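Asks: Just passing along the structure, written as structure tokens.
The values are calculated or read from the model by the stated rules, or taken from the named source; none is laboratory data. All of these numbers come straight from a predicted model, not from anything done at the bench. So basically every Cβ, Gly included, is an ideal-geometry build from the backbone, and we count neighbours across all protein chains shown. What goes into the accessible areas is simple: the full protein's heavy atoms, side chains included, and nothing from ligands, DNA or RNA. Shrake-Rupley method; radii C 1.70, N 1.55, O 1.52, S 1.80 Å.
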Amino acid sequence: MGALTTILTDIEGTTSSISFVKDVLFPYARARLPAFVREHGQQPEVRCWLDAVAVEISASACQDAVIVETLQGWIDEDRKHTALKALQGMVWEAGYKDGDFTAPVYPDVAPALRAWHAAGHSLAVYSSGSVAAQKLLFAHTDAGDLTTLFCGFFDTEVGGKREAASYRVIAGRLGNAPGDILFLSDVVAELDAAHEAGLRTLLLDRREDYPQPRTGAAANGHARAESFADIDAAA
């Protein structure tokens, strides 16, 4: 195993609270979608996604109210659908720009990311949210714009987060040997897949999101930290 060169991080439960996406972003998109579609539904970059939903549900392309209801139902189901992700991202972009919210990151995250970047580590993100949504989040954090710290953003276009092949694709795109990448996540099954692909792994076990510490069998052999401040990137 070579020297650690790249740190690949999840978002929810790792850099940012699980509750932000579920309690802020999802409800915001659900509430704003009807007005957003009324105002922007004929713009080509919006229309193409609405039409994609219409085809999937066998509805007429002009039935935007039905399409919006479908999208809201998918939000409630936390469905990972490309059209929904794209449209949510557009709604969130407007929300960020209007100052309706900023993206909270844990207090230990920004200092650690900046220190790792300054030390020469490449930083990348892998999340189930779209790349566009990831960039929006990190551009509008309560610690400032962090996007310049990252060299890569990956979503499920590369594959599922619980599939080892996805991490091999990411390693290839980053130009790293898998063993030179450390993957940070709060989900053991994702770490299992990354480990199978040859990546180093570390379980983020934050008390805010996981009041009962996950140790021993619950960590399934992965190294564990409760904060980015506990991570020794030089190890």
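Rundown of residues vs (1) of a type outside the set (S, T, N, Q); (2) assigned by the TED database to the domain that holds residue 198; (3) farther than 30 Å from residue 175 by Cβ; (4) crowded, with 17+ Cβ neighbours inside 10 Å, yes/no style:
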{"residue": "11", "(1), (2), (3), (4)": "yes, yes, no, yes"}
{"residue": "32", "(1), (2), (3), (4)": "yes, no, yes, yes"}
{"residue": "48", "(1), (2), (3), (4)": "yes, no, yes, no"}
{"residue": "58", "(1), (2), (3), (4)": "no, no, yes, no"}
{"residue": "67", "(1), (2), (3), (4)": "yes, no, yes, yes"}
{"residue": "76", "(1), (2), (3), (4)": "yes, no, yes, no"}
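Asks: Same structure again: Let me spell it out: the conditions are (1) open to solvent by less than 20 Å² (accessible area, probe 1.4 Å); (2) under 30 Å from residue 230 (Cβ atoms); (3) not small (Gly, Ala, Ser), and residue 84 meets all of them except one. Which number is the exception?
Replies: Result: residue 84 passes all but (2).
Asks: With respect to residue 209, determine if the residue is within 20 Å of residue 231 (Cβ to Cβ), touching a residue at least 40 places away in the same chain (Cβ under 8 Å) and either hydroxyl-bearing (Ser, Thr, Tyr) or in contact with a helix residue (DSSP H, G or I) (Cβ under 6 Å, 6 or more places away or on another chain) (or both).
Replies: Answer is yes for this residue.
Asks: I've got another one for you. Go through the residues of segment 158-178 one by one and say whether even a single one is free of Cβ contacts under 8 Å to residues at least 40 places away in the same chain, acidic (Asp, Glu) and in contact with a strand residue (DSSP E or B) (Cβ under 8 Å, 6 or more places away or on another chain).
Replies: For segment 158-178, residues free of Cβ contacts under 8 Å to residues at least 40 places away in the same chain, acidic (Asp, Glu) and in contact with a strand residue (DSSP E or B) (Cβ under 8 Å, 6 or more places away or on another chain): absent.
Asks: Separate question: So in segment 84-127, with the set limited to residues that are in a helix (DSSP H, G or I) and aromatic (Phe, Trp, Tyr), which one is nearest to residue 7 (Cα to Cα)?
Replies: 116
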